[in-house]
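*Asks:* Below: one structure in structure tokens.
The values are calculated or read from the model by the stated rules, or taken from the named source; none is laboratory data. As the structure is a computational prediction, the values presented were derived from the model and not from experiment. We place every Cβ from the backbone using ideal geometry, glycine too, and count neighbours over all the protein chains shown. Surface areas here come from the heavy atoms of the whole protein model, side chains and all, with no ligands, DNA or RNA. Shrake-Rupley method; radii C 1.70, N 1.55, O 1.52, S 1.80 Å.
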Amino acid sequence: MFYVKDVWFHHMFSLNFNDTVLFLSADAFDTEKLLDSIENLRHDQAVDIPNYDFKSYKSNAFPARRVNPSDVIILEGILIFHDPRVRELMNMKIFVDTDADVRLARRIRRDTVDKGRDIGAVLDQYSKFVKPAFDDFILPTKKYADIIIPRGGDNHVAIDLIVQHIRTKLGQNDLCKIYPNLYVIQSTFQIRGMHTLIRDSLTTKHDFVFYSDRLIRLVVEHGLGHLPFTEKQVITPTGSVYTGVDFCKRLCGVSVIRSGESMENALRACCKGIKIGKILIHREGDNGQQLIYEKLPQDISERHVLLLDPILGTGNSAVQAISLLIKKGVPESNIIFLNLISAPQGVHVVCKSFPRLKIVTSEIEIGLNEDFRVVPGMGEFGDRYFGTDDDDNLQAVAPMQL
């Protein structure tokens with residue numbers, strides 16, 4: 001027997017694939033129908049979902065409901081992790097861990113009020129079928145979860161984290177669809193956790209530097225993956241032939257002084273002996289930018305360039321730096337701009353001005369505030385990374401948000 005119940009909330013489509021627990025096996029479900037429905041929704045095709053009647057135990061008691069595709073599909077149910085084919089379709093797997101007494105109380109309330117069942121029959125069914133089925137089929141699937149939420153809907157912190165993660169992915173996908181030269185490294189809860197630490201105003205300088213370096217290393221590695229390569233064969237210690245690739249040798253880094261220098265160590269760790277140039281751009285008012293200093297490799301026009309700066313805000317000084325590189329003879333397609341966080345406004349400015357350049361970032365921000373600062377942001381990155389503040393006599397080289 002099969003049923004899928006659709007629920008609408010906050011413009012998200014939810015599939016409910018639940019077990020009435022009258023069945024002692026997950027094989028009782030029409031999983032093929034479920035997979036077919038999900039595939040159709042993923043390909044922007046509407047589906048007809050059967051309505052299940054708990055009182056008659058029939059899935060065709062009411063007309064099927066037409067469900068249209070959506071950007072977010074929430075597949076809900078106590079046995080959704082059972083089939084590996086279903087698990088493979090999920091971008092995020094969440095197990096809501098609720099106390100057994102709470103589950104029983106909810107079942108009694110639901111079955112007596114909504115389904116008109118006798119409380120004695122509910123308890124009898126629970127002891128004979130529900131509890132054994134939970135132990136045999138549901139609890140073992142907990143190991144497949146990416147995240148486990150204790151206390152269910154009462155855990156507001158965990159729910160807010162998931163909601164923010166989904167909102168971030170939706171914003172990233174929209175920009176990536178508009179600009180094929182924008183690349184956002186795939187977010188995980190490990191990456192999300194590091195972002196949480198470096199954005200926290202109470203994080204110590206030591207921890208800020210440590211977790212910033214970890215994120216920067218990921219961005220640099222991802223950026224290097226966009227360099228050209230040639231096929232290469234080598235002989236392994238076993239005498240076998242391995243066909244791999246040989247990376248581009250002609251490359252250099254260019255950091256935007258001062259916060260961009262925080263990314264140099266990660267680049268050197270990935271590319272032994274790499275040359276790194278410097279560019280200093282001074283902010284004049286809210287939008288004006290002035291090139292103060294540049295020191296670049298003499299043969300930079302013959303190299304692929306990794307431009308380093310952790311924050312992309314308005315995009316004004318990024319345009320200055322990129323324009324200088326192009327003026328020095330670097331082909332636009334040979335420039336990869338690496339940063340930790342990017343505001344949508346800066347992405348629009350840079351991608352529209354230089355459509356053949358690549359931007360690699362770890363997260364897209366909400367936007368800019370009235371002071372043209374990235375929000376939610378992480379403050380003045382250079383000051384936090386190098387341990388300086390506004391009282392130091394370093395305003396001439398203070399980190400500029402691009």
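*Asks:* Any chance the range 260-268 includes a residue that's within 18 Å of GLU363 (Cβ to Cβ) and aliphatic (A, V, I, L, M)?
*Replies:* Yes - at least one qualifying residue is present in the range 260-268.
*Asks:* Which residue is farthest from the chain's Cα centre (by Cα), if the candidates are limited to the range 150-159 and must be assigned to a helix (DSSP H, G or I) and surrounded by fewer than 13 Cβ atoms within 10 Å (Cβ to Cβ)?
*Replies:* So, considering only residues that are assigned to a helix (DSSP H, G or I) and surrounded by fewer than 13 Cβ atoms within 10 Å (Cβ to Cβ), the one farthest from the chain's Cα centre (by Cα) is ASP154.
*Asks:* Report yes if ILE162 is in the same structural domain as SER333 (by the TED database), touching a residue at least 60 places away in the same chain (Cβ under 8 Å), open to solvent by less than 60 Å² (accessible area, probe 1.4 Å) and among the aliphatic types (A, V, I, L, M), otherwise no.
*Replies:* no
*Asks:* Further question: Go through the range 313-335 and give me each residue that's out of contact with any Ser or Thr (no Cβ under 9 Å at 6 or more places or on another chain), of a type in the set (D, E, K, R) and farther than 13 Å from LYS358 by Cα.
*Replies:* LYS327
*Asks:* Now for a different question. For GLN164, indicate whether it is part of a helix (DSSP H, G or I) and among the polar types (S, T, N, Q). Spell out how you get there, then give the answer.
*Replies:* Values: part of a helix (DSSP H, G or I): yes; among the polar types (S, T, N, Q): yes.
Taking the combined requirement at face value, the residue satisfies it.
*Asks:* While we're here: What are the pairs with Cβ atoms under 7 angstrom where one residue, in the range 104-118, is of a type outside the set (A, V, I, L, M, F, W, C) and the other, located anywhere, is not in a helix (DSSP H, G or I)? Sequence gap at least six, or different chains.
*Replies:* ASP111/ARG117; LYS115/PHE54; LYS115/LYS55; GLY116/LYS55
*Asks:* Mind checking which strands (runs of 3 or more DSSP E) fall wholly inside the range 182-284 and carry at least 2 residues that are touching an Asp or Glu at 6+ places or on another chain (Cβ under 8 Å) and not small (Gly, Ala, Ser)?
*Replies:* Those strands (runs of 3 or more DSSP E) span 229-235, 241-247, 275-284.
*Asks:* Of (1) outside the structural domain of CYS271 (by the TED database); (2) open to solvent by 50 Å² or more (accessible area, probe 1.4 Å), PRO228 satisfies all except one. Which?
*Replies:* Status for PRO228: all satisfied but (1).
*Asks:* Which one of the conditions (1) under 16 Å from LEU267 (Cβ atoms); (2) open to solvent by less than 80 Å² (accessible area, probe 1.4 Å) does GLU221 fail to meet, given that it meets all the rest?
*Replies:* (2)
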